[in-house]
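Here's the structure, in structure tokens; my notes come after.
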Amino acid sequence: MSRARSTQIVSTAPATGRTLAAPILALSSLFAWGSFGAEAAALARDSETARGDAESIRLEDADRSVETSFDGALEVDVANPAGMSIPIPDVVGGYASDRVILKLAPGVEVVDGDWSLARGGEISEEARLAFSQANVLSISPLFRRGFANPDLAAEIGLDRYRLLEVPTGSDVPGIVVSLQAALGAVQGAIQGVVQGEVQGVGPGLVELVEADGIGGVAGDAPNDPMFHLQWALENTGQVAGGVAGLPGADVSALEAWSRTTGGGGVVVAVLDSGINPHPEFADRILPGLNVPDDNDQTNDVCASHGTAVSGVLAAAGDDGLGIAGMDWTMLLIPIVVVDPCSGPESHVAEALVFATDAGADIANMSLQYYAGTSALRDAVLYAHAAGVLMVAASGNNSANALAYPAAWPETIAVGASTNLDGRWSSSNTGEGISLVAPGLSIQTTNGFSGHSSRTGTSFAAPHVSGTASLMLSVDPWLDADSIRQTIEGTTLDLPPSGYDQFTGFGRLDAGAAVMAVRAPGDFNDDGRVDGVDLSTLLALWGECPPGGSCLADIDRDGRVDGIDLSILLGRWTG
């Protein structure tokens, strides 16, 4: 799908006047649930112990350096055949005990003030009783702000999601099962409890009922800050993680920058913990959203995690402030999805819809979740259909399974590599991983004015998002699928040879990816837009052949016409 024609435009980049199309990521999955007796209670106690000693994020700004503890990838480690943890309430890897996600069946409405559901005006007593027994406190739309593309939302069914608030500490798995039975859910949302379709139960008032899984930002480990240690951008053998690097084991940023350092007002939504107004990019932060607090306060709430991700993405180069990001001019939309460092998946679903409707080109999700709710999955489909490029961290648990949302095929799933061009040992693997990018001891922004070193797949993902942004600065009409194919097709293959579940197609080569983009109008790729290119365009004038390539269709609308001619003439070099 063409990025320029992908969605209703709801924002314009300030100072550039460039209209912005929307991007997003796609997510889906089911909880793998186990028993909830004494074993689960013991797990809960173990989890609290783990929460106490997991940790190491360095908080640092111009005035102070404080060691604190947090690991955004905290997960209860329980062996089971499915490779999943037994979920427990209100911890990362478990479920929210104060909410249940409901998706109404088509044609069903919530009866305001009557605590029931109705189809065709007929109120369901079964629903009224079920909600009463579940102690439901409120029923509200999950996507509180509506949709810029309501037809697409309705086609996917996003407009039919409702959030049921229940008392904190509720037996949500039990509520899910009872509501499925009472309301006739047509999909089972909990493996091991309900499998496949529920046949012959209830009035068929809902399509699904599911718990809201809790995840959070993919954690990192600290190291020393210094601009000259940015081995990820140019590896000359610097020491990272105590090991001297392999010269050339980098993303070839200098080669990419020889063509572009950014431009054109590319907008990247950072679904994370917020962004502090750091001098490296403060003047390029657009209005955003704090989903947990339902307001526009978007300063970082989790040990500068989102600020550090943003530094990899967008720190200005050649400004004397310490480091350079991948794209020196991109615009950032901060969207807080955690409170402070974890939260329910439904917050990410809301954030994806907001990012799409706000006109983001790229959504960076340095996040890891474990449930893969249908609500999040459908929000990803909404963003994907709108043309948003979604990039997500594979996760930091050394697991042979990708975290969500990276596990879904609509996203570019990014693992972490080292300064020796090997996979970082804690980087999740699995079928569907796209590639790896530097994630060990990455120099980036911290606090409100400082810099520090961070490690994890959280900091691998923005190298890929930044590369995509540079590509769009060369050709603003690139669509998400073309960007993905180019990035995956220009990687440096790492052992074992060919695509594999450990490093995907290989290690990111930003220089090769950016160089592979043909500038609009330069059809023979000679670095000039001139009479030869004009002749090519005129020869291909009209509708593009069905199923065939269309070299001169610059704006990707399926035909070569006056718009393409105008773009070519605007880039004329003679």
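Assorted remarks:
- Restricting the stretch 431-447 to residues that are of a type in the set (A, V, I, L, M, F, W, C) and part of a strand (DSSP E or B), the residue that is farthest from Gly306 (Cα to Cα): Leu435
- Residue list for the stretch 132-153, restricted to those being touching a helix residue (DSSP H, G or I) at 6+ places or on another chain (Cβ under 8 Å), among the hydrophobic types (A, V, I, L, M, F, W, C) and without any contact (Cβ under 8 Å) to a residue 60 or more places away in the chain: Ala134, Ile139
- A count restricted to the stretch 126-150 and to residues that are assigned to a helix (DSSP H, G or I) and under 23 Å from the mean Cα position of the chain (by Cα) stands at 1.
This table checks each residue for (1) among the polar types (S, T, N, Q); (2) at positive phi.
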position	(1), (2)
Asp300	no, no
Asp318	no, yes
Met326	no, no
Thr329	yes, no
Ala358	no, no
Ala363	no, no
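- Of all residues in the stretch 503-547, those that are in a loop (DSSP other than H, G, I, E, B) and either open to solvent by 40 Å² or more (accessible area, probe 1.4 Å) or touching a helix residue (DSSP H, G or I) at 6+ places or on another chain (Cβ under 9 Å) (or both) total 23.
- Tally of residues being within 18 Å of the chain's Cα centre (by Cα), part of a loop (DSSP other than H, G, I, E, B) and over 23 Å from Asp212 (Cα atoms) across the stretch 299-326: 3
- A Cβ distance below 7 Å, combined with a sequence gap of six or more or placement on separate chains, defines the contacts here; from the stretch 227-253, residues that are open to solvent by 20 Å² or more (accessible area, probe 1.4 Å) reach residues that are part of a loop (DSSP other than H, G, I, E, B) and of a type in the set (Phe, Trp, Tyr) in the pairs Gln238/Trp231.
- For first residues located in the stretch 267-289 and closer than 15 Å to Ile335 by Cβ and of a type in the set (S, T, N, Q), partners that are in a loop (DSSP other than H, G, I, E, B) and open to solvent by less than 10 Å² (accessible area, probe 1.4 Å) and lie 6+ apart or on another chain with Cβ distances below 6 Å form the pairs Ser273/Cys302; Ser273/Val338.
- When every residue of the stretch 230-237 is checked against the conditions, at least one turns out to be at pLDDT below 95, acidic (Asp, Glu), outside any helix (DSSP H, G or I) and more than 23 Å from the chain's Cα centre (by Cα).
Residue by residue, here is whether (1) touching a helix residue (DSSP H, G or I) at 6+ places or on another chain (Cβ under 9 Å); (2) at negative phi; (3) free of Cβ contacts under 8 Å to residues at least 24 places away in the same chain holds:
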{"site": "Ala406", "(1), (2), (3)": "yes, yes, no"}
{"site": "Val414", "(1), (2), (3)": "yes, yes, no"}
{"site": "Leu420", "(1), (2), (3)": "no, yes, no"}
{"site": "Arg423", "(1), (2), (3)": "no, yes, no"}
{"site": "Asn428", "(1), (2), (3)": "yes, yes, no"}
{"site": "Gly432", "(1), (2), (3)": "no, no, no"}
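- Search result, residues across the stretch 459-468 that are in contact with a strand residue (DSSP E or B) (Cβ under 6 Å, 6 or more places away or on another chain) and either part of a helix (DSSP H, G or I) or farther than 23 Å from Thr445 by Cα (or both): Phe459, Ala461, Pro462, His463, Val464, Ser465, Ala468
- Filtering the stretch 439-457 to residues that are touching a helix residue (DSSP H, G or I) at 6+ places or on another chain (Cβ under 6 Å) and under 21 Å from Gly511 (Cα atoms) leaves Gly439, Ile442, Gln443, Thr444.
- In the stretch 397-417, residue farthest from Ala480 (Cα to Cα) [restricted to those that are of a type outside the set (A, V, I, L, M) and open to solvent by less than 20 Å² (accessible area, probe 1.4 Å)]: Ser417
- Complete set of residues in the stretch 419-431 that are farther than 19 Å from Ser497 by Cβ and open to solvent by 10 Å² or more (accessible area, probe 1.4 Å): Trp424, Ser425, Ser426
- Any chance Ala407 is within 22 Å of Val336 (Cα to Cα) and assigned to a loop (DSSP other than H, G, I, E, B): yes
The values are calculated or read from the model by the stated rules, or taken from the named source; none is laboratory data. As the structure is a prediction and not an experimental result, all values here were calculated from the model. Note: ideal-geometry Cβ built from the backbone for every residue, glycine included; neighbour counts use all protein chains shown. To get the accessible areas, we keep the full protein, side chains included, count just its heavy atoms, and leave off ligands, DNA and RNA. Shrake-Rupley method; radii C 1.70, N 1.55, O 1.52, S 1.80 Å.
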